[in-house]
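All remarks here apply to the structure that follows.
The values are calculated or read from the model by the stated rules, or taken from the named source; none is laboratory data. Note that the structure is a prediction, hence the values are computed from the model and not measured. FYI the Cβ positions are ideal-geometry reconstructions off the backbone, even for glycines, and counts take in every protein chain you see.
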2 protein chains.
Amino acid sequence: MIEFNKNNAQLEKHLCFSIYELSRSIQRMYKPFLNELNLTYPQYLVLVALYDHDNIPVSELGELLDLNYGTLSPLLTRMESQKLIERMRSTKDTRIVYIKLMLSGKKIREEAFTLPQQLVLKSGLNDQEWNELSKLSMKLFTNLSK
Amino acid sequence: MIEFNKNNAQLEKHLCFSIYELSRSIQRMYKPFLNELNLTYPQYLVLVALYDHDNIPVSELGELLDLNYGTLSPLLTRMESQKLIERMRSTKDTRIVYIKLMLSGKKIREEAFTLPQQLVLKSGLNDQEWNELSKLSMKLFTNLSK
DNA sequence: TAATATTAAATCGCACACGATTTAATAAAA
DNA sequence: TTTTATTAAATCGTGTGCGATTTAATATTA
């Protein structure tokens with residue numbers, strides 16, 4: 001049984017902290033490469049998402065990335081001014097704004113194809129460990145979303 | 001062998017994204033409870049760290065939390081104004097500022113003892129899975145820090 | 001010892017991240 | 001059909017998170 005009390009209350013034993021720290025350290029690892037592409041980490045994720053699901057409403061992009069309008073709207077504004085993406089208002093329902101990858105956005109996304117590979121190399125994890133970590137983190141996320 | 005190409009480039013297959021999404025979903029789960037205590041997530045982590053390592057310099061707190069001065073300084077200023085912590089400048093070396101838990105900070109930290117337990121319950125992971133996730137995330141973090 | 005380098009902490013600028021509010025448009029109901 | 005409710009997106013306010021700069025104090029060195 002997993003126990004929590006004064007004796008093991010330390011930061012290091014908090015899974016929440018391990019994950020929080022890990023997430024930031026991955027972004028730190030990605031940073032030099034993304035800087036070369038003039039991208040922030042969430043901007044990179046937007047490109048990844050759009051590369052597979054282009055021309056989708058902001059709402060759908062937000063669901064894919066698990067980000068709300070408050071985060072996404074200004075982020076997309078910045079990416080629009082960099083000519084990475086395009087906003088196109090639907091004619092059917094003018095409330096809806098579709099987001100489309102522009103050519104330069106597509107190219108830059110392709111330049112980043114090696115990034116996950118770099119993480120694998122630095123990870124020091126074998127295939128089994130990598131897959132296990134991936135599986136468990138998705139499982140935990142799914143259960144927390146219920 | 002783990003492969004990355006156009007065919008599995010989706011967001012869902014990016015470990016970096018799983019971890020990023022998981023980290024934010026844990027914070028989302030903690031939020032209602034922390035709101036009751038008038039704490040943000042990093043403020044909670046500061047209390048956890050200080051509860052075990054009280055009266056330490058800002059630099060040491062930053063190492064424990066893996067946060068730099070740019071994040072920590074204003075965060076501590078806010079916690080100081082809430083009377084959760086105290087800043088005390090060293091007399092030996094007046095560049096150094098020691099951070100001390102105040103009584104109310106200690107009490108609030110203790111009120112949060114049940115929080116990790118709540119995560120365990122919601123996680124839907126068994127002991128083996130929990131420990132495995134914990135182990136692998138720490139291993140990956142360690143390897144990325146090299 | 002005077003000049004220089006290093007260090008601890010704070011500050012600044014910018015980009016998230018998110019809850020809450022606002023705006024405009026469509027849908028549903030009276 | 002007019003009123004009311006809902007929805008999509010943007011905006012706003014606050015708190016991180018981080019790289020770069022600044023400030024003040026201590027350490028090092030010429």
So which residues in region B:1-55 are at pLDDT below 95 and of a type in the set (S, T, N, Q), if there are any at all? B:5, B:7, B:8, B:10
Selected residue (criterion: nearest to residue B:80 (Cα to Cα)) from residues of region B:110-124 that are within 7 Å of another protein chain (Cβ to nearest Cβ) and in a helix (DSSP H, G or I): B:116
When region A:46-60 is examined, which residues are found to be out of contact with any Leu (no Cβ under 6 Å at 6 or more places or on another chain) and facing another protein chain (nearest Cβ under 9 Å)? A:51, A:52, A:53
Selection count, region A:125-138, where residues are surrounded by 14 or more Cβ atoms within 10 Å (Cβ to Cβ) and either assigned to a loop (DSSP other than H, G, I, E, B) or within 7 Å of chain B (Cβ to nearest Cβ) (or both): 9
Single residue of A:46, A:120 found to be of a type in the set (Val, Ile, Thr) and not assigned by TED's automatic domain parsing to the domain that holds residue A:141: A:46
Out of A:21, A:63, sole residue that is acidic (Asp, Glu), within 14 Å of DNA strand D (Cβ to nearest atom) and within 7 Å of chain B (Cβ to nearest Cβ): A:21
Counting only residues that are loosely packed, with under 10 Cβ neighbours inside 10 Å and among the acidic types (Asp, Glu), how many does region A:80-94 have? 1
Among what's in region A:66-89 and is among the small types (Gly, Ala, Ser) and near DNA strand D (Cβ under 7 Å from one of its atoms), pick the residue that is nearest to residue A:138 (Cα to Cα). A:70
Of residues in region A:81-109 being of a type in the set (D, E, K, R) and in contact (Cβ under 8 Å) with a residue 24 or more places away in the chain, the one farthest from the other protein chains (Cβ to nearest Cβ): A:100
For region B:104-113, does any single residue satisfy the condition of being over 25 Å from residue B:32 (Cβ atoms) and hydroxyl-bearing (Ser, Thr, Tyr)? no
State whether the residues of region A:95-107 include one that is of a type in the set (Lys, Arg), within 16 Å of DNA strand C (Cβ to nearest atom) and surrounded by fewer than 19 Cβ atoms within 10 Å (Cβ to Cβ). yes
Given the condition of a type in the set (Ser, Thr, Tyr), assigned by TED's automatic domain parsing to the domain that holds residue A:80, surrounded by fewer than 22 Cβ atoms within 10 Å (Cβ to Cβ) and not in a helix (DSSP H, G or I), answer yes or no: does some residue in region A:6-25 qualify? no
Quick one: residue A:46 ticks every box in (1) in contact with a strand residue (DSSP E or B) (Cβ under 8 Å, 6 or more places away or on another chain); (2) away from DNA strand C (no atom under 16 Å from the Cβ); (3) not acidic (Asp, Glu) except a single one, so which number is it? (2)
Being closer than 30 Å to residue A:109 by Cβ and either hydrophobic (A, V, I, L, M, F, W, C) or within 18 Å of the chain's Cα centre (by Cα) (or both), is that true of even one residue in region B:34-52? no
